[in-house]
Amino acid sequence: MKALLCKAYGPLDRLAVEELPPPKPGPRQVRIDVKAAALNFPDALMVQGLYQVKPPLPFTPGFEFSGLVSALGSEVKNFKLGDRVIGFGLGGFAEEAVADAGRVMPLPDGMDFETGAALVLTYCTSLHGLKDCGRLQPGETLLVLGAAGGVGVAAIEIGRALGARVIAAASSADKLALCRRLGAEETINYAAENLRQRVDRLTDGRGVDVVYDPVGGPYTEQALRSLAWRGRLLVIGFAAGEIPKIPLNLALLKERSIVGVYWGDSVKHDPQAHLRNVRQLLEWFAAGRIKPYISERVSLAGAPAAMAKIASRRVLGKLVVLPEA
Ligand SMILES: NC(=O)c1ccc[n+]([C@@H]2O[C@H](COP(=O)([O-])OP(=O)(O)OC[C@H]3O[C@@H](n4cnc5c(N)ncnc54)[C@H](OP(=O)(O)O)[C@@H]3O)[C@@H](O)[C@H]2O)c1
């Protein structure tokens, strides 16, 4: 089978597609004939050795994928060959991937492989962040930074589904147009306008209740200063590359909270809450309230260039790898 292989941590152009034997599932694992795998910002970090998790080399990147069950470990009872499934783990950028059975779920009826591959990481992160960590309430105002990116798009749709008024911030007109199409009521081009002043104008000086921040860098402090009394800043990630250092008096003033969000770890600590969130997402999907926005499909050989595009801020929504293309 063909797989994208990372043999040494380093530049993205060192990744190569190679012919490998199909992976063997362990006793509690499932092998999946991959039909689609979604690209995420952490893929680009991981292959460069810049992510918090560093898998032993060589490895195939790709956290989330969907396809057909092609082999079962001896202890797996809840799947059968040919089942349509979504898998989560590592190794998705390949024609075949294995995942722990506990991290495999049926692909719902009516959901295509691309959508299934693109749903888990971004939508679970945003629902966990907004609901479990941010306690976003109906009628509250939510400011989403990096709003046209993977987790940002999910935060817009989920913010709307939770009944919030959503303000989307991003760096270009085409990104903001997408955010409006997906349900943002107001938009801010933070590359051209002062974020804090615009939020002030849009909220009559009150500020927003929750900030969803996957970007970091210079935007975080401006966003924190834009929070209303008892507002919550959700620390999702640092796509801008810089981890901001924040003066803590900004938390004291207005009793603001700075709340870390680490979805992958939360699943280990509270698997039941994760399952409830997945059920909620599937209900919203069935009701037409959420749908991953996929802007481009690439082949396995095209995956390194697609990762470079993500790392250089040039992607709208999600990119998906189709191993058979
Ligand atoms: N905490 C968690 O559990 C969790 C889970 C998943 C992802 N994350 C993190 O969330 C962050 C975003 O992930 P994502 O999948 O949404 O990524 P993405 O699709 O690439 O979106 C990130 C956005 O950040 C903005 N950005 C600003 N400066 C950038 C720069 N120098 N390079 C790249 N992007 C820049 C871009 O929007 P503008 O151009 O509009 O500014 C871009 O759309 C990553 O740091 C990721 O590791 C965290």
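The values are calculated or read from the model by the stated rules, or taken from the named source; none is laboratory data. On a predicted model such as this, the values are computed, not experimentally measured, just so you know. So basically every Cβ, Gly included, is an ideal-geometry build from the backbone, and we count neighbours across all protein chains shown. Protein only, heavy atoms only, side chains kept; ligands, DNA and RNA dropped before computing areas. Shrake-Rupley method; radii C 1.70, N 1.55, O 1.52, S 1.80 Å.
When the convex hull of the C-alpha atoms of segment 121-264 is computed, what volume per residue in Å³ does it have? Intermediate results must be reported in sequence, preceding the final value.
Values: hull volume 13.4 nm³, N = 144.
Cα convex hull per residue, to the nearest whole number: 93 Å³.
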key: HN-Hα J in Hz across segment 241-251 - Karplus 6.51, -1.76, 1.60, θ = phi - 60°, x for Gly and Pro   = x, 9, 8, x, 10, 10, x, 6, 4, 5, 7
request  = Provide the net charge surrounding residue 321, with neighbours chosen by a C-beta distance below 12 Å and charges set as Lys +1, Arg +1, Asp -1, Glu -1.
outcome  = -2
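Give the ranking of 198, 313 by solvent-accessible surface, highest area first, calculated with a 1.4 Å probe.
Values: 198 45, 313 130 Å².
Putting 198, 313 in descending order of accessible area: 313, 198.
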remark   = Measure of exposure for residue 76: accessible area at 1.4 Å probe, Å² rounded to 10, is 20 Å²
ask   = For residue 230 and residue 74 in the same chain, what is the full-extension length gain: residue separation times 0.36 nm, less their Cα-Cα distance, in nm?
value = 51.0 nm
key: Those lysines that a straight Cα-Cα span of less than 23 Å connects to residue 131, excepting residues fewer than 8 apart in one chain   = 254, 268, 291, 318
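Quick check: with the 1.4 Å probe, what order do 179, 133 take by accessible area, largest first? Write out the running numbers ahead of the final one.
Numbers: 179 0, 133 30 Å².
Listed by decreasing accessible area, they come as 133, 179.
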inquiry  = Using alpha carbons only, how many angstrom separate the centre of segment 60-105 from the centre of segment 251-325?
reply    = 19 Å
Estimated distance in nm for a label pair at residue 112 and residue 1, the labels positioned 7 Å out from Cα along Cα-to-Cβ = 2.3 nm
DSSP-defined antiparallel bridges as percent of all bridges, the chain, nearest 5 = 55 percent
query = When the label point is put 7 Å from the Cα of residue 253 along its Cα-to-beta-carbon vector, which residues of segment 205-244 have a backbone N closer than 16 Å?
reply = 205-208, 220-233
note = Length gained if residue 189 through residue 269 is fully extended, taking 0.36 nm per residue and subtracting the Cα-Cα distance, is 25.1 nm
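Expressed in whole Å with the largest first, what are the equivalent ellipsoid semi-axes of the chain derived from the C-alpha gyration tensor as the square root of 5 times each eigenvalue?
Details: eigenvalues 241, 87, 61 Å².
Values for the chain, descending: 35, 21, 17 Å.
Rounded to the nearest 500, what is the 222 nm mean residue ellipticity of the chain from helices alone, with -39500 (n - 2.57) per DSSP H run of 4+ residues and division by all residues? Please report the intermediate quantities before stating the final value.
Values: 10 runs with 94 residues, N = 325.
After summing the helix terms and dividing by residue count, I get -8500 deg cm²/dmol.
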key: segment 23-58 and segment 185-227: distance between their alpha carbon centers, rounded to Å   = 34 Å
query = FRET efficiency for residue 81 and residue 16, Cβ-Cβ distance as r, R0 = 41 Å, nearest 0.05?
reply = 0.85
remark   = In nm, the gap between the two label points placed 7 Å beyond Cα toward Cβ at residue 28 and residue 197 is 5.7 nm
ask   = What FRET efficiency would be calculated for the residue pair residue 291, residue 174, taking the C-beta separation as r and a Förster radius of 22 Å, to the nearest 0.05?
value = 0.70
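What order do you get for 83-92, 52-61, 184-193, 220-229 when each peptide is scored by the mean count of other beta carbon atoms within 10 Å, highest first? Walk me through the numbers on the way to the answer.
Working: 83-92: 22.6, 52-61: 14.2, 184-193: 18.6, 220-229: 20.6.
Ranking the peptides 83-92, 52-61, 184-193, 220-229 by packing returns 83-92, 220-229, 184-193, 52-61.
Which of the peptides 266-279, 240-253, 148-161 is most tightly packed, and how do the rest follow, going by the mean number of other Cβ atoms within 10 Å of each residue? Write out the running numbers ahead of the final one.
Details: 266-279: 14.1, 240-253: 12.1, 148-161: 27.7.
Per-residue Cβ counts within 10 Å, averaged per peptide and sorted highest first, yield 148-161, 266-279, 240-253.
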Sparsely packed GluC sites (Glu not before Pro) within segment 15-81, loop by DSSP, other Cβ within 10 Å at most 16 = 75
task = Between beta-carbons, use under 15 Å as the cut-off and find the net charge around residue 307, counting Lys and Arg +1, Asp and Glu -1.
result = +2
